[in-house]
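Working notes, beginning with the structure itself.
The values are calculated or read from the model by the stated rules, or taken from the named source; none is laboratory data. Given the structure is predicted, the values throughout are model-derived calculations rather than measurements. Here Cβ is always computed from backbone atoms with ideal geometry, including for glycine, and neighbour counts include all displayed protein chains. Quick note on the areas: whole protein, heavy atoms, side chains included, nothing else; ligands and nucleic acids left out. Shrake-Rupley method; radii C 1.70, N 1.55, O 1.52, S 1.80 Å.
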Amino acid sequence: WQFQERAIYQILEWIEIKQDMVVEKSREMGATWLLLIITDWLRRFFPYHDSLIMSKSAVAVDGPSHQSLFGKLRFINTYLPLWVHDPWNFRDQKNFMGYQDTKSTLMGFASTGKAGVSERGAEMMIDEYTQIEEDFEVLHRTSSTTKCRIFIATHMGTGTAFHALTQMPEINKIRFHWTQHPDKNKGMYRWNDATKR
């Protein structure tokens with residue numbers, strides 16, 4: 001969809017200039033999938049591009065289903081042509097993917113206050129941020145992990161670190177609101193014959 005395409009360009013720009021961002025999302029808008037596709041693309045086509053991903057639990061990061069972050073990436077890999085995804089030049093382990101052609105990597109972490117603190121990456125995607133109990137601790141402890149943290153969540157009230165980030169004017173923001181989706185916003189408008197609007 002067009003709103004997703006615009007978001008891709010904006011997110012890539014902020015990754016390139018190394019700036020933190022928040023992605024406010026409604027359910028079923030494709031935000032997490034989109035971010036995974038972006039990080040996968042960066043590692044496939046750019047050398048020594050190391051990415052980090054985090055979510056609310058170990059199962060949400062790399063569980064047995066396609067619902068986990070690594071499960072989604074494996075699903076994507078299944079349908080890529082061999083000239084893009086060569087399984088013989090690719091390492092897939094628990095919480096790790098390595099792209100041997102580019103020497104780029106992806107590491108996954110379950111959320112704890114200390115998760116990902118000792119690692120370094122070009123960008124760090126933190127999914128379901130409002131569901132992380134140690135959200136403020138993760139915010140502060142990952143500040144030196146990377147210059148580009150991507151906090152993705154659906155709002156769950158005003159007492160969260162995610163909400164605090166959305167109120168900071170210096171933080172880049174993208175909103176995936178359900179009203180942007182052509183299938184979800186049908187019937188939101190009426191036609192006025194008199195004004196032709």
* Computed over the chain: relative contact order in percent, which uses C-alpha pairs under 8 Å that are six or more apart -> 30 percent
* Quick one: among Lys103, Lys25, Lys173, which has the greatest mean-square fluctuation in a GNM of the chain with alpha-carbon springs under 10 angstrom? => Lys103
* Structure fact -> If the chain between Trp33 and Ile171 were fully extended at 0.36 nm per residue, the gain over the current Cα-Cα distance would be 47.5 nm
* To do: Given a cut-off of 22 Å, name the pairs among Lys18/Lys94; Lys25/Lys103; Lys18/Lys173 whose C-alpha atoms lie farther apart than that in the structure shown.
  => Lys18/Lys94; Lys25/Lys103
* Structure fact -> Spelling it out for His155: with amide H atoms placed in the peptide plane at 1.01 Å from N, the residues 5 or more places away or on another chain with amide H under 5 Å from its amide H are Lys25
* Could you bin all the Cα-Cα distances of the range 50-108 into 10 Å bins starting at 0 and give me the percent of pairs in each, rounded to whole numbers? => 23, 54, 21, 1
* Structure fact -> Taking Cα atoms only, helix 69-78 is inclined relative to the longest principal axis of the chain by an angle, in degrees rounded to 10, of 90 degrees
* the range 79-158: proportion of alpha-carbon pairs further apart than 22 angstrom, % -> 37 percent
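Suppose R0 equals 22 Å; then what is the FRET efficiency for His140 and Arg74 from their Cβ-Cβ distance, rounded to the nearest 0.05?
0.10
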* For the chain, state what percent of all Cα-Cα pairs lands in each successive 10 Å bin, counting from 0 Å until the bin that includes the largest distance. => 8, 34, 36, 14, 5, 2, 0
* Report the dimensions of the range 1-97 along its three principal axes from the alpha-carbon atoms, largest first, rounded to Å. => 34, 29, 25
* Asked: Given H placed on each backbone N at 1.01 Å, which residues far from His49 in sequence or on other chains put an amide H within less than 5 Å of it?
  -> Ser104, Thr105
* To do: Give the accessible area for Lys18 in Å² (nearest 10); use a 1.4 Å probe, count only protein heavy atoms, and leave out ligands, DNA and RNA.
  => 110 Å²
